1. Of all residues in segment A:77-97, which are more than 17 Å from residue A:178 (Cα to Cα) and crowded, with 22+ Cβ neighbours inside 10 Å?
2. Would you pick out the residues in segment A:151-182 that are more than 14 Å from chain B (Cβ to nearest Cβ) and touching a residue at least 60 places away in the same chain (Cβ under 8 Å)?
3. Going through A:176, A:158 one at a time, which residue ends up being modelled with pLDDT of 90 or more, within 18 Å of the chain's Cα centre (by Cα) and more than 25 Å from residue A:57 (Cβ to Cβ)?
4. Kindly list the number of the only condition in (1) at the interface with chain B (Cβ under 10 Å from one of its Cβ atoms); (2) in contact (Cβ under 8 Å) with a residue 60 or more places away in the chain that fails for residue A:97.
5. Here are some residues: B:235, B:279. Which one is under 24 Å from residue B:162 (Cα atoms) and out of contact with any strand residue (DSSP E or B) (no Cβ under 7 Å at 6 or more places or on another chain)?
6. Being part of a loop (DSSP other than H, G, I, E, B) and modelled with pLDDT of 80 or more is the filter here, so list the residues in segment A:212-234 that pass it.
7. Could you tell me which of the residues B:112, B:161, B:127, B:149 is in a helix (DSSP H, G or I), touching a Phe, Trp or Tyr at 6+ places or on another chain (Cβ under 7 Å) and either modelled with pLDDT of 95 or more or β-branched (Val, Ile, Thr) (or both)?
Amino acid sequence: MTDYFKQLWADLVQLCRAEPHVLATWLDKDKEKIQSCLIWLILGSSLYGASIGLWRAPLQSFYVAIKFPLLIILTTLGNAIINGMLAQLLGAKISFRQSFLAVIMSFTLIAIILGAFTPLALFLLHNLPPMGTAAASQAHALVLILHVILIAFAGIIANIHLFNLLEYICTNHLKAKQILLTWLGVNMFLGCQLSWNLRPFFGTPHLEVRFLRDDPFNGSFYEAVFHILKRLLF
Amino acid sequence: MTTDDIHTLESNNPLKDNDVTLVDTTEKESMRMETPKPEKEPYHLPKKDNDTTLVDTTEKESIRMEIPKLEKEPYHLPESASTMQLVDALLKSPESVINQIKAGQSKKTFFILLGVFVFCHVIYGLIVGSFSGDVQWYAAPIKIVGGTILSALLCYPSLYIFGCLSGANITPGQILSLLAGGLTLTSILLLGFAPVAFIFTFSIKTIAFMGVIHTLIWAVSIYFGLRYIVMGLTRMDGRKDNNLITTWCVILILTMLQMTTTLRPIIGESDTLLTHEKRFFVEHWLNVLDNEMKVK
């Protein structure tokens, strides 16, 4: 058991160092590394998810701690086949499971970075005006902006490391860039929609705390964006 | 001495750098040999094969890991390849399928590709049909498979002629297999996108948006299918002109887009299986979008 935790910790350290030649070895041990990645992904993203919902209510915090890892896992699973196909078509000699592991490694790194940011997010929340006060709407906006910045930062770092790994695997800068961009596009395409289905995350102050909205499958992220743009432009 | 005199002297100078013909070649060679060349270090990729161990210094017990050999052997497609081997080859090494077609083994390959094409399109068609349900459960897969085959058949003669005009040494059978390969690759990618399309199908409520999502997915898939066809023609001996094949790709895309309008409704509901009103696809799309804007 102790060996298992030691190995798990060693995996975390290797993932954070993100040395391409080390992470490339992971692709050959995909089964055990997928398990390890999933554990860290769930831990990191649950912790951070809890901090996202905490400003709204403790119950919201609990819900988001479940939904945030769920969002990442569902996005990765939903795109597993197409990501594998695109990687192979664009010249990476990796199997479907290996491309799945590469994507999950990148998401795990995001989760670990975000997990490490949790104490900072909590400290900021401690200093924000709580729900029910006059400045609540400003605080809500600040929480939103803070988390968008943190998630974007973690995403950039993780994708740089994913690019390095892809470049190492493909031994070609252009191929690695193409694969990374297509993976990013496909993951964002589905991820945006799933985050719409799984909302609320931050918890709008005047709405009741719930796990999912009454109509989680009514409408899409892109329809919402379209209607907002329509209202703005026409 | 005037400046004109200097120019005259310079132009008469046999050792002037540019005037190579006036310099004794043996002398020049000896000069070359004497000049030491700066030896540049050859560029090395990161060590892969030699560096077989790695030690994690944070742990008391060093963890030894084997670095995998990244340069794998080229993909070899057996002569009598199974369906899965062919699908695998289309994704990992399309050139091996093209080589098989080039070698004249296109008949069996064609039928396998056709089978995969129909299977993948039927699955994706079911997801498209699930948006409206009822009749569309079976109408959408039939229309998608039929429409794609019809578009391909309409464009097949022009592909052969354009291929020949661009200089490719290719038979009608080979070009048919190449076309089937491209469309099969498209269908495999559509199948890969099936989970994504499935999630959108249950979330989106308007036909216009569902249409946009399916068109986007199809656009990505057909891009790779056409890339395969272009690659195939490049591999056939003697092709010189790319523009004709690019033109043909545009023709195929336009034909397929028009086919979706001709066979409508594919996504939405209708009392009849086919609509008799004739329309250009751009006009149809603008109409749908206009209705959408009015509704909201």
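The values are calculated or read from the model by the stated rules, or taken from the named source; none is laboratory data. Since we're looking at a predicted model, the values are computed, not measured. Neighbour counts are summed over all protein chains in view; Cβ atoms, including those assigned to glycine, are modelled from backbone coordinates with ideal geometry.
1. Within segment A:77-97, just A:78 meets the criteria.
2. A:161, A:162
3. None of the others qualify; the one that does is A:158.
4. It is condition (1) that residue A:97 fails.
5. The match here is B:235.
6. Residues satisfying the conditions are A:212, A:213, A:214, A:215, A:216, A:217, A:218, A:219, A:220.
7. Criteria check complete, one pass: B:127.
Each row is one residue, and each column tells you yes or no for (1) surrounded by 17 or more Cβ atoms within 10 Å (Cβ to Cβ); (2) on the phi < 0 side of the Ramachandran plot; (3) touching a Lys or Arg at 6+ places or on another chain (Cβ under 7 Å); (4) of a type outside the set (S, T, N, Q).
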site: B:140; (1), (2), (3), (4): yes, yes, no, yes
site: B:144; (1), (2), (3), (4): yes, yes, no, yes
site: B:147; (1), (2), (3), (4): yes, yes, no, yes
site: B:154; (1), (2), (3), (4): no, yes, no, yes
site: B:158; (1), (2), (3), (4): no, yes, no, no
site: B:163; (1), (2), (3), (4): yes, yes, no, yes
site: B:166; (1), (2), (3), (4): yes, yes, yes, no
site: B:172; (1), (2), (3), (4): no, yes, no, yes
site: B:175; (1), (2), (3), (4): yes, yes, no, yes
